């Protein structure tokens, strides 16, 4: 299946805005590459699972231990592969 730039997928950089209007940027990565403090969220985390497959303009409810919260996806960028074929952020 070909990558679609409007949909969140592994390797996507996503710009979201929370209900207070605060923007955040995340990159969805494999669990091995995850570093939440650096904005690299695991595809298997609640945030990553909730965002995968969604598209620009959608509001997404994120389940969290302290209660769920909602973000709106405002941008999605797909990493382009480098000369070796590996995706680069």
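Please compute the contact order of region 12-80 in relative form: average sequence separation of alpha-carbon pairs under 8 Å and at least six residues apart, divided by the residue count, as a percent.
Details: 129 pairs, mean separation 23.8, N = 69.
Normalised by residue count, the contact order of region 12-80 is 34 percent.
Computed from label points 7 Å out along Cα-Cβ, the spacing between residue 61 and residue 49 is 1.5 nm.
Once you have a ≥ b ≥ c as the square roots of the Cα gyration tensor eigenvalues for region 12-80, tell me rounded if a/c is under 1.5, and otherwise prolate or oblate according to whether a/b is larger than b/c. Since a/c reaches 1.5 but b/c is at least a/b, the shape of region 12-80 is classed as oblate.
Throughout, read-outs are computed from the coordinates displayed, never taken from laboratory work. Note that the structure is predicted; figures quoted are calculated from it, not measured. Glycine also receives a Cβ, built like all others from the backbone with ideal geometry; neighbour counts cover every protein chain displayed.
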